[in-house]
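I have placed the structure first, in the form of C-alpha cells, so that the comments after it can refer back to it.
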Amino acid sequence: MPLPSVQQRALQVLDLLRRRYPTPATHLVARNPWELLVATVLAAQCTDERVNKVTPHLFALWPDPAALACATQEALEEVIHSTGFYRNKAKNLLGAARRVTEVHGGEVPRTMDELVQLPGVARKTANVVLWGGFGVNEGIAVDTHVKRIVHRMGLTKETDPVAVERDLMRLYPREAWGDVNHMLVWFGRHVCDARKPLCEQCEMAGICAKVGVGKEDAPAAPRKGRKPGAVAAKSGRSGTRGRKTASTKDAGEDAAQEAASAGQAHETGTKPMRGRRGKSGGGDA
C-alpha cells in the first residue's frame, strides 16, 4: 500500500506524537530566558543531564548576564569544562553576556534578528529560547535528532538544517512549531534511535518511509591497501583516535547548524511562558 502524501503523513505524525507526549518541554532546567539561553549553548554536543549538573553552580557564581560579563575566560572554562568544547562555549557565553548587558539592558532580546547577533546563538538556539522563554513561535529548532528523524520519515529530502526547517514549517501549523522539536527529540531518544530504531514497537511504522533504516550498522568497506580488521599497532591508539574524529565531526555538524541563518522573516506569534521548568522533560537544543 502506498504511503499517504507528505502533508498527510506529517499531520499523522504530529497527532501520534501528541498522544505519546501530551506535555512536551525541554529537559534543560532553566528559570528564565537567560538561563535557557546559557543551557542551550552548553547543550551543544553534550547531554542535558550533564548540563543540568553544571548550570546550578554556574548560576550561583554568575546569576545574570551582567555578572557573567565580568567573569574571566579561565574561570568560566573551569566551571563548564565537563560539557565539552568548553573554550569556544566560554568565549561565546562571555560575548553573549556582554552584548545582552551593554546592548539590551540585561534582558534577553525577544526577536530572531536580535538573538542571532549574540555570539554562539544562531537560528536553532534562538528558536529554543524564543519558544521556551517567551512563547514565541518564530520557527522550528532543527537539531541532530529532528534532522535525522524527519529525513528518515521522508518528510524532507533536505540536509541543510535551514532548508529542513523551512520544509517543516510548511508541513506543520504555526502553533505546533515549538512543540515539534521537543516531541521529535523525545521520540528520537525513546524509539527512533540513530543506529537501532525500534520500528517493531513504533506506532508510526505504517506511515514512515524508513529512509536509510538498516544501513546504519552496515560494515564499512576496508580501505585500499589495508587488510580487513587491521588495527593500530599501539594499544589503545585506534579507539582514542576514532572517538576524537567522531567528536570533531559531530562538533562541525553542530557548528554548521548553528551558523546557518534563514533569510526569511516570519510573523511572530505568542503563547504563555514555557521556559521555567524544575523537572526534566524535553530534548537537546
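The values are calculated or read from the model by the stated rules, or taken from the named source; none is laboratory data. Every value quoted in this text rests on a predicted model; they were computed, and no experiment measured them. When we count neighbours, we look across all protein chains shown, and the Cβ atoms used for this are built from the backbone with ideal geometry, even at glycine. SASA here: full protein model, heavy atoms, side chains in, ligands and nucleic acids out. Shrake-Rupley method; radii C 1.70, N 1.55, O 1.52, S 1.80 Å.
Summary table below
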item	result
Per principal axis, descending, Cα span of the stretch 112-190 in whole Å	33, 24, 22
Accessible area (Å², per residue) of the stretch 1-67, counting only protein heavy atoms and a probe of 1.4 Å	48
Segments 47-53, 208-214 sorted - mean Cβ within 10 Å per residue, highest first	47-53, 208-214
The stretch 8-43-the stretch 49-98 distance, computed between alpha-carbon centres (Å)	23
Backbone HN-Hα couplings from phi across the stretch 89-105 [Karplus 6.51/-1.76/1.60, Hz, Gly and Pro as x]	5, 5, 4, 5, 5, 5, x, 5, 4, 5, 5, 4, 6, 7, 9, 10, x
Kirkwood estimate for the stretch 59-133, i.e. one over the average of 1/r between Cα atoms, Å	12.6
Residue (of 182, 135, 149) at the positive-pole extreme of the stretch 130-182, dipole from beta-carbon charges	149
Quarter of the Cα convex hull surface for the stretch 1-138, i.e. its orientation-mean projected area (nm²)	9.9
Within the accessible area of the stretch 1-122 (1.4 Å probe), percent carbon and sulfur	53
Solvent-accessible area per residue for the stretch 102-198 (1.4 angstrom probe, square angstrom)	36
Amide proton proximity set for residue 136, modelled H, under 5 Å, gap of 5+	131, 271
Accessible area of the stretch 128-191 belonging to carbon and sulfur atoms, whole % at 1.4 Å probe	51
Long-range amide H partners of residue 30 with built H, under 5 Å	277
Debye, to nearest 20: dipole size of the stretch 19-122, +1 on Lys, Arg Cβ, -1 on Asp, Glu Cβ	360
Per residue convex hull volume, Cα atoms of the stretch 13-87, in Å³	100
